[in-house]
Amino acid sequence: LCVPAVPVLFKQALENTAVEEGKSVSLRCELTKADATVVWKKGEATLQASAKYEMKQKGTVAELAIHNAEPEDA
């Protein structure tokens, strides 16, 4: 029996969020499938975990925290 894979979709997409320069902000999205692989990008560049970018994922919720936000993070 061959069962086609169900695509992962966004149940809750990212929302525009404003933050003061130098503060931290958290961006969240919710997926239709738990523990799906999430890749965070800014334009074409893939973001890597660092002191500035913190990625978390629990079940269907993926979160990106940006610390010390700057205008270039828009």
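The values are calculated or read from the model by the stated rules, or taken from the named source; none is laboratory data. Quantities reported herein were computed from a predicted structural model and do not represent experimental measurements. Ideal geometry is used to build each Cβ from the backbone, glycine not excepted, and the neighbour counts take in all protein chains shown. Side chains included, ligands, DNA and RNA excluded: accessible areas come from the protein's heavy atoms. Shrake-Rupley method; radii C 1.70, N 1.55, O 1.52, S 1.80 Å.
For this structure, a couple of remarks:
- Using θ = phi - 60° and Karplus 6.51 cos²θ - 1.76 cosθ + 1.60, couplings along the range 61-74 (whole Hz; Gly, Pro as x): 9, 10, 9, 10, 9, 10, 9, 6, 4, 10, x, 5, 7, 4
- Approximating the spin labels as points 7 Å out from Cα along Cα→Cβ, the Q48-to-L9 distance works out to 3.5 nm.
- Restricting attention to the chain, lysine pairs at least eight places apart or on different chains and with alpha-carbon atoms under 25 angstrom apart total 20.
- Using θ = phi - 60° and Karplus 6.51 cos²θ - 1.76 cosθ + 1.60, couplings along the range 31-39 (whole Hz; Gly, Pro as x): 10, 7, 10, 5, 6, 5, 6, 10, 10
- The range 45-51 - phi-based ³J(HN,Hα) in whole Hz, Karplus 6.51/-1.76/1.60, Gly and Pro as x: 7, 7, 7, 10, 4, 7, 5
- L47 long-range amide H proximity, modeled H, under 5 Å: W40, K41, K42
- The H on the amide N of L27, modeled in the peptide plane, is under 5 Å from the matching H of L64, A65, I66, each at least 5 residues off or on a different chain.
- Think of a 1.4 Å ball rolled over the protein heavy atoms: the chain then has 78 Å² of accessible area per residue.
- The chain - Rg (one decimal) and Dmax (whole number), Cα, Å: 14.4, 54
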